[in-house]
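Below: one structure, written as structure tokens.
Readers should treat all values here as calculations from the given coordinates under stated rules, not as data from a laboratory. On a predicted model such as this, the values are computed, not experimentally measured, just so you know. Cβ coordinates were reconstructed from backbone atoms using ideal geometry, including for glycine residues, and neighbour counts include every protein chain displayed.
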Amino acid sequence: MTKRIVIVGGGTGGTVTANLLARNLYRQLIDGKVVINMITDKPDHVYQPGFLYIAFDKIRPDEIVRKQRELLDPHINLFVDPAVRIDRDNNVVITKSGKEHHYDYLVIATGSKVVPEEIPGFREGAHHFYEMEAAKKLRDALRKFEGGRIVVTVGVPHKCPVAPLEFTFMLHDYLKERDILDKTEIYYTYPINRLHALEPVANWAVPRFEQKGIKYETLFNMEEIDARNKVVRTMEGTELSYDLLVAIPPHKGAPVIQESGMGSDGWVTTDRKLLRNAGYDNVYVVGDTTDLPISKAGSTAHFQSDVVAERLTSEILEGESSSEYDGKVVCFVETGFDEATYVWFNYKTPPKPTPPSRMLHWMKLGYNRLYWLSAKGVL
Amino acid sequence: MSELKIDRTIDARGSACPGPLMELIKGVKSAGVGTVIELLSCEKGTTVDAPAWIKKVGQEFIDMEEKEGYWRIVMKKIK
């Protein structure tokens, strides 16, 4: 009897999972004993960490986009047809075209999306770099910027938690390169009472901010942006004026999750080790869309994909699996235009940033090109 | 405190990033007024940080207790 695997979502998590499964189950795919169907809403696959570099004119937009079909093993069926409903009780995903995809195993990898509209005034008053068009607009605004106060502020929740810090360090070097650093005040704000969620990273960043003259304020949760007067107001009752505002928008999960009654704000209830959706042993969840209290980041999705692909392979071939996710996350952290550090951590091991180096920066730049091998399940 | 009806549990145990306070902020933002939220955290620092933030933003801090290997902090969204 053919086993049908449906993967909803063609981002990092869905793509890595699909390709690893295709490799592990190659013989079964050839023999027609396994079918892998991927359902996604876009024909293109975008390397989202590249947006940060687009904002500073370091990468061209076309360098971070590939056709999803070209990234997938040829034995995987691709349907560019957004999922509109997931019916777990009847093991079926329904797409916008009306097609029903029945499954024996489901992988939910629907990711997250920015919701700037949740902050009044965001669209009118703020720039960000979490989408292609927004990153290009920010790039253009930075090109024209001639001095003043640039405020960096962070919505909750958001993916890629080190990106605001990276942006701030890179902004410093960008302004220095353009000889307008002395005419600019960089003002970084953060929602909790330190510079970053990871305490060792926050402690590491403080002296670097002070050395570079970057001002900062913590316990700063933007609630409203007054675009006319160029002011950000916070939940904490404070306000801050700006000349250029770079605000990380808050995020939500995909609409199909909420519309299918699978989790508030689009986050799916997920077992932190088995990565199964609570109550459904044949439904796995990877990447941003889990409700796990860990970083929403490409590396998280990648490591979870390794586990889910291993679990599904063993379940199909041997009836059970012992593979578990340990909470592993790895992040490079750019500390300017020519140095970087990195952190790794899991549920039990706290992070410990290494001293920044040119070598780590080059590794990050190298990974920006090697990502496509990760997506293909090779790296 | 054990008799209080909890509307939402935020289990942030083992969360290095985004961490318990960020998880709480996320939970408070998406909750309706009147929601009673409990936050579970293994980080001792949360016992200081979370009540301080709850008070700073004008929400109601209800109680805190140490359990086996973690802390439980309870608050109510009142505005």
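Rg ratio for chain B: its Cα radius of gyration over 2.2 N^0.38 Å, N being its residue count, equals 0.97. Neighbouring Cβ atoms from other chains, within 10 Å of the Cβ of residues in B:4-17, number 5 on average. Using alpha-carbon pairs under 8 Å, 6+ residues apart, how would you state the relative contact order of chain A in percent? Computed over chain A, the figure is 19 percent. Of the peptides A:160-167, A:104-111, the ranking by mean beta-carbon count within 10 Å, highest at the top, reads A:104-111, A:160-167.
So, with +1 on the Cβ of K and R and -1 on the Cβ of D and E, and no other charges, what is the size of the charge dipole of the stretch A:1-127 about its Cα centre, to the nearest 20 debye? Don't skip to the answer; put the middle values down first.
On the way: 17 positive and 16 negative charges, 82 e Å.
Computed charge dipole of the stretch A:1-127: roughly 400 debye.
Round to the nearest 10 and give me the degree value, 0 to 90, for the angle of helix A:12-24's Cα axis relative to the longest principal axis of chain A. On a 0 to 90 degree scale, this one is about 30. The alpha carbon convex hull volume per residue for chain A rounds to 136 Å³. Full extension of the chain between A:GLU324 and A:GLU100 gives 77.6 nm of extra length, using 0.36 nm per residue less the Cα-Cα distance. Between A:ARG4 and A:LYS113, the modelled labels are 2.6 nm apart [label points 7 Å from Cα along Cα→Cβ]. Within the stretch B:8-76, antiparallel bridges make up roughly 75 percent of the DSSP beta bridges whose residues both belong there.
Extension gain A:TYR26-A:ASP89, at 0.36 nm per residue separation less the Cα-Cα distance, in nm? Display every interim value, and only then the final one.
Values: separation 63, 0.36 × 63 = 22.68 nm, distance 2.89 nm.
19.8 nm is the gain from fully extending A:TYR26 to A:ASP89.
Count the DSSP beta bridges whose two residues both fall in the protein assembly as shown, then state the antiparallel fraction as a percent rounded to the nearest 5. Spell out each step's value before the answer.
Details: 42 of 78 bridges.
The antiparallel fraction comes to roughly 55 percent.
Report the FRET efficiency, 1/(1 + (r/R0)^6), for A:TYR367 and B:LYS5, where r is their Cβ-Cβ distance and R0 is 56 Å, rounded to 0.05.
Details: r = 48 Å, r/R0 = 0.86.
Given R0 = 56 Å and the Cβ-Cβ separation, E is 0.70.
The label-point distance for A:LYS183 and A:SER357, in a model that sets each label 7 Å from Cα toward Cβ, rounds to 3.9 nm. DSSP beta bridges confined to the stretch A:115-249 are antiparallel in about 35 percent of cases.
If you take the Cα atoms of the stretch A:234-304, find Rg, then find the Kirkwood Rh from the mean of 1/r over all pairs, what is Rg/Rh? Walk me through the numbers on the way to the answer.
Numbers: Rg = 16.1 Å, Rh = 14.2 Å.
Dividing the radius of gyration by the Kirkwood radius yields 1.13.
Given only helices, namely DSSP H runs of n ≥ 4 each adding -39500 (n - 2.57), what is the per-residue ellipticity at 222 nm of chain A, to the nearest 500 deg cm²/dmol?
Details: 11 runs with 118 residues, N = 379.
-9500 deg cm²/dmol, from helical runs alone.
Got the relative contact order for the stretch A:115-249 handy, in percent, Cα pairs under 8 Å and 6 or more residues apart?
Numbers: 227 pairs, mean separation 49.8, N = 135.
With pairs under 8 Å counted, the relative contact order is 37 percent.
Overall, the stretch A:292-379 carries a charge dipole of about 400 debye about its Cα centre when +1 sits on the Cβ of Lys and Arg and -1 on the Cβ of Asp and Glu, all other atoms neutral.
Exceeding 32 Å between C-alpha atoms, which entries from my cross-link table qualify? They are A:LYS96/A:LYS159; A:LYS183/A:LYS328; A:LYS215/B:LYS56. Before the final figure, lay out each step's value.
Values: A:LYS96/A:LYS159 27 Å; A:LYS183/A:LYS328 41 Å; A:LYS215/B:LYS56 22 Å.
From the list (A:LYS96/A:LYS159; A:LYS183/A:LYS328; A:LYS215/B:LYS56), the Cα-Cα distance tops 32 Å for A:LYS183/A:LYS328.
Relative to the Cα centre, the charge distribution of the protein assembly as shown, modelled as +1 at Lys and Arg Cβ and -1 at Asp and Glu Cβ, gives a dipole magnitude of about 640 debye. Residue by residue along B:24-32, Cβ atoms of other protein chains within 10 Å of the local Cβ number 5 on average. Taking a point 7 Å from the Cα of B:PHE61 along the Cα-to-Cβ direction, the residues of the stretch A:190-220 with backbone N closer than 14 Å to it are A:193.
Remark on the stretch A:115-249: hydrodynamic radius 14.9 angstrom, per the Kirkwood mean of 1/r across alpha carbon pairs.
Within 10 Å of each Cβ in A:288-295, how many Cβ atoms from other chains are there, averaged over the peptide?
Working: counts 0, 0, 0, 3, 3, 16, 7, 5.
For this peptide, the per-residue mean of nearby foreign Cβ atoms is 4.
Entry note, the stretch A:1-158: relative contact order of 28 percent, from Cα contacts under 8 Å with a spacing of 6+ residues.
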